[in-house]
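Only one structure is covered here, and it is reproduced in the block below.
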2 protein chains.
Amino acid sequence: MELTKLDADELPAPLADLRKAYDELKAQNLSLDLTRGKPAAEQLDLSNELLCLPGKDVFKAGGTDTRNYGGLAGLPELREIFSGPLGVPVPQLLALGNSSLAVMHETIVFALLKGPVDGEPWVGQQIKFLCPVPGYDRHFSLLKQFGIEAVPVPLHEDGPDMDVVERLVAEDASIKGIWCVPKYANPTGAVYSEDTVRRLASMPTAAKDFRLFWDNAYALHHLTEDAVEIANVLELATAAGNPNRPFVFASSSKITHAGSGVAFFGGSPENVAWLTKNQSFGTIGPDKVNHLRHVAFLKDTEGLLAHMDKQRAVIAPKFEMVLYMLEKRLGGTGVAQWSKPKGGYFISLDVLEGTAKRVVQLAKEAGIVLTPAGATFPHGDDPRDRNIRLAPTFPDIREVALATEGVVTCVLLAAVEKLSGN
Amino acid sequence: MELTKLDADELPAPLADLRKAYDELKAQNLSLDLTRGKPAAEQLDLSNELLCLPGKDVFKAGGTDTRNYGGLAGLPELREIFSGPLGVPVPQLLALGNSSLAVMHETIVFALLKGPVDGEPWVGQQIKFLCPVPGYDRHFSLLKQFGIEAVPVPLHEDGPDMDVVERLVAEDASIKGIWCVPKYANPTGAVYSEDTVRRLASMPTAAKDFRLFWDNAYALHHLTEDAVEIANVLELATAAGNPNRPFVFASSSKITHAGSGVAFFGGSPENVAWLTKNQSFGTIGPDKVNHLRHVAFLKDTEGLLAHMDKQRAVIAPKFEMVLYMLEKRLGGTGVAQWSKPKGGYFISLDVLEGTAKRVVQLAKEAGIVLTPAGATFPHGDDPRDRNIRLAPTFPDIREVALATEGVVTCVLLAAVEKLSGN
């Protein structure tokens with residue numbers, strides 16, 4: 001039933017039905033959570049061998065005693081495993097601590113206080129970042145933390161709206177960066193096309209120290225057999241004469257253990273030297289034993305890819321469940337659209353304009369916690385109040401089904417309320 | 001033989017002897033290193049159980065799945081073990097990443113960009129830190145990295161010269177901090193007296209956001225059976241009405257494995273909330289599996305102290321060896337003085353004024369690498385060119401003996417050269 005096409009006098013009946021369905025939902029006293037992109041215990045179990053590695057007599061890698069200080073670039077053996085999949089040559093790829101968010105934080109801090117390789121310190125300047133929306137809330141809050149203005153730009157299925165991006169960066173020298181999740185973007189699953197990557201890598205920018213903050217968080221996180229590839233941003237930027245433009249970030253957090261994985265940074269030789277030099281004042285080096293542990297567990301790139309197949313086997317059915325339930329009850333209603341991602345951790349659900357907050361509130365009262373409406377926009381401000389991010393990985397599949405069923409009821413109820421004018 | 005009392009015509013004979021001894025030293029083609037305060041492999045071996053921990057089926061602590069994201073304060077079970085020895089209540093003690101230097105770096109970055117709990121952001125202000133000298137080179141280079149002026153103050157056996165410190169901080173509001181290694185200071189082994197700690201905790205400061213950067217790196221690193229205690233800076237500061245003054249830092253790097261240990265931060269409830277809030281924008285939490293691994297290995301505070309006894313058994317003989325050789329050949333010569341530390345990682349050697357650089361150069365040419373002369377002063381500038389830091393932990397005891405023997409020859413040769421006027 002296409003709800004948006006109903007006449008005013010046709011709405012009371014479905015409204016009454018949905019209120020009844022919602023009361024039944026509440027009566028279930030659910031306690032479900034679709035908020036965070038956290039791996040489920042079952043996914044973490046896949047890497048439990050790590051908990052006994054590298055082994056009592058195994059602490060050397062090459063000539064390095066991994067137990068001692070030093071080695072700022074991280075273990076070459078681990079960088080070797082990730083180099084191909086991330087498209088970054090080993091000498092330009094650093095293996096660091098347990099959080100790629102922390103590496104993003106560091107690069108911004110060093111850009112602020114020391115300046116990038118080709119610019120003055122950003123601190124004291126009024127600077128801006130472009131933020132494709134909907135996007136990742138933690139990217140936006142990093143900007144807010146340091147008083148950097150977030151400028152939303154539309155995100156399409158093949159990446160940010162490049163006409164808008166090109167125009168803004170060409171005319172405004174205070175725009176110093178853009179957040180990009182180029183593959184299976186959070187939350188829409190968008191995959192940047194080759195044309196998008198090429199334009200980002202080569203577009204003229206008013207700021208000579210403009211940076212692509214290239215958060216390749218889901219590089220290996222396929223949900224289908226179609227292992228999507230994206231263009232190599234480092235190569236394209238170098239070819240376009242902008243070798244220092246991309247800062248590439250990645251991590252093994254959603255590959256092995258979320259809190260005790262390894263973060264990676266990739267960039268031009270100059271950017272890598274810049275980060276390492278700045279880090280050298282403030283660390284004794286990353287946890288190389290954890291690097292070695294990951295080498296012992298993953299073994300090689302092939303082992304890494306085989307491991308990701310196991311991850312997919314656990315989470316793909318959860319995504320299929322959500323998509324099935326959304327289609328079954330929201331398909332053809334005209335009050336919702338959603339992404340059908342080929343990878344990543346999220347489904348982006350657009351509900352009837354002006355009802356996202358209401359949906360989240362209804363769900364909450366029914367015991368289903370959703371990411372706050374607006375979280376996918378800078379300052380939590382979704383101008384059309386319609387985007388909701390669903391994160392199906394953490395709950396078990398029965399809970400995913402129950403929660404989605406409940407969310408659908410809330411989406412429909414909020415829509416019919418709205419259409420009814422109350 | 002008291003060399004400083006020799007007449008000019010008495011010097012040629014010892015000079016010739018020492019030149020001969022030095023030539024013989026060079027002929028040995030040594031390749032020794034007394035530079036860095038790194039644990040020896042034998043020390044690291046003491047913690048090799050960690051390399052198989054926490055074990056495949058052991059990943060929960062309390063209700064927490066340590067493998068997943070979150071838990072910014074670190075595992076309570078680990079904070080419990082270190083709380084007593086560090087003199088910080090568990091709720092005020094954070095267990096963080098693998099590097100206490102990184103935590104110091106972070107606190108300075110947040111003070112610069114966000115301001116401390118009781119002050120404006122430091123960035124853009126001309127600020128200064130007091131630096132007791134001789135001190136730790138990495139403390140000084142952190143200041144240099146961020147353009148903070150280092151103001152040297154004399155360090156005595158019971159701590160910084162408090163008359164000087166009190167005068168400077170009372171009159172100069174741009175002095176925002178002081179580096180303190182309160183127990184077994186790097187490099188002199190100085191232990192701050194109760195009176196010193198009390199004065200630091202209570203002295204009036206012109207800057208209302210003045211901080212004690214309290215690097216308690218060697219809290220448990222005794223070299224004798226006399227397990228020295230120092231006064232509790234947090235308690236004294238709180239009692240004096242300055243609860244937010246101390247930032248307490250420590251780590252397990254020189255307890256378990258240097259590169260894969262756990263760093264700690266302690267402070268007032270307000271400071272702890274400040275650090276955690278600022279960190280929350282830029283991390284997914286510390287590596288809790290590594291925290292759990294340390295809990296499994298150390299078990300409790302008693303286990304920690306017993307472990308440190310094993311560390312002492314390995315390194316104390318190396319210190320005794322250095323002290324024995326220094327006394328044997330430099331005692332009574334009048335050209336050198338040295339610390340006799342009861343803990344920590346270093347021996348501070350003061351040679352004849354104006355000869356430290358020459359000693360380091362002579363040693364280098366004989367294949368013995370020493371920490372650069374001046375490294376224990378801000379900007380590498382030892383105004384009297386006399387301090388040399390010896391780090392005896394890393395080499396084996398035979399190498400320690402050989403290296404010290406060689407250094408002594410260089411100290412004597414440089415002194416007699418100097419006294420001879422060439």
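The values are calculated or read from the model by the stated rules, or taken from the named source; none is laboratory data. Predicted model, so just to flag it, every value in this text is computed and none were measured. Please note: Cβ atoms are built from the backbone with ideal geometry, for glycine as well, and neighbour counts cover all protein chains shown.
Among the residues of segment B:78-96, the one identified as closer than 23 Å to A:LEU53 by Cβ and more than 13 Å from chain A (Cβ to nearest Cβ) is B:LEU78.
Quick one: is B:LYS183 surrounded by 22 or more Cβ atoms within 10 Å (Cβ to Cβ), charged (D, E, K, R) and touching a residue at least 12 places away in the same chain (Cβ under 8 Å)?
On the way: surrounded by 22 or more Cβ atoms within 10 Å (Cβ to Cβ): yes; charged (D, E, K, R): yes; touching a residue at least 12 places away in the same chain (Cβ under 8 Å): yes.
It is true that B:LYS183 is surrounded by 22 or more Cβ atoms within 10 Å (Cβ to Cβ), charged (D, E, K, R) and touching a residue at least 12 places away in the same chain (Cβ under 8 Å).
Residue pairs whose Cβ atoms lie under 7 Å apart, sitting 6 or more positions apart in sequence or on different chains, and linking a residue in segment A:12-31 that is in the same structural domain as A:ILE368 (by TED's automatic domain parsing) and closer than 13 Å to A:LEU362 by Cα to a partner that is of a type in the set (Gly, Ala, Ser) and part of a helix (DSSP H, G or I), are A:LEU25/A:GLY406; A:LEU30/A:GLY406. Summed over segment B:58-76, residues that are charged (D, E, K, R) and surrounded by fewer than 22 Cβ atoms within 10 Å (Cβ to Cβ) total 2. For segment A:200-250, the candidate set comprises residues that are farther than 18 Å from A:ALA111 by Cβ and of a type in the set (S, T, N, Q); within that set, the residue that is surrounded by the most Cβ atoms within 10 Å (Cβ to Cβ) is A:ASN216. If you filter segment A:61-77 down to residues that are within 10 Å of chain B (Cβ to nearest Cβ) and free of Cβ contacts under 8 Å to residues at least 40 places away in the same chain, you find that the one that is farthest from A:VAL103 (Cα to Cα) is A:ASP65. Taken across segment A:136-151, residues that are touching an Asp or Glu at 6+ places or on another chain (Cβ under 6 Å), in a strand (DSSP E or B) and in the same structural domain as A:ALA240 (by TED's automatic domain parsing) do not occur at all. Reported count of residues in segment A:43-57, each being surrounded by fewer than 18 Cβ atoms within 10 Å (Cβ to Cβ) and touching a helix residue (DSSP H, G or I) at 6+ places or on another chain (Cβ under 7 Å), is 3. Could you tell me whether any residue of segment A:342-352 is in a helix (DSSP H, G or I), crowded, with 18+ Cβ neighbours inside 10 Å and not charged (D, E, K, R)? No: segment A:342-352 contains no residue that is in a helix (DSSP H, G or I), crowded, with 18+ Cβ neighbours inside 10 Å and not charged (D, E, K, R). Considering (1) within 19 Å of A:PHE247 (Cα to Cα); (2) facing another protein chain (nearest Cβ under 8 Å); (3) free of Cβ contacts under 8 Å to residues at least 40 places away in the same chain; (4) among the aliphatic types (A, V, I, L, M), the lone condition that A:MET104 does not fulfil carries the number (3).
Pick out the one residue from B:ALA403, B:ALA375 that is under 23 Å from A:GLY70 (Cβ atoms) and touching a Pro at 6+ places or on another chain (Cβ under 8 Å).
On the way: B:ALA375 fails: touching a Pro at 6+ places or on another chain (Cβ under 8 Å).
Every option except B:ALA403 fails the conditions.
Would segment A:282-299 turn up any residue that is closer than 30 Å to A:ALA263 by Cβ, without any contact (Cβ under 8 Å) to a residue 60 or more places away in the chain and of a type outside the set (Lys, Arg)? Yes - at least one qualifying residue is present in segment A:282-299. Note on segment A:246-304: residues that are charged (D, E, K, R), more than 12 Å from every other protein chain (Cβ to nearest Cβ) and more than 22 Å from A:LEU223 (Cα to Cα) total 2. Right, B:ALA207: farther than 20 Å from B:LEU72 by Cα and free of Cβ contacts under 8 Å to residues at least 40 places away in the same chain or not? Here the answer is no, as B:ALA207 does not meet what is asked. Limited to segment B:6-60, what total is found for residues that are over 30 Å from A:HIS257 (Cβ atoms) and within 14 Å of another protein chain (Cβ to nearest Cβ)? So the count comes out to 6.
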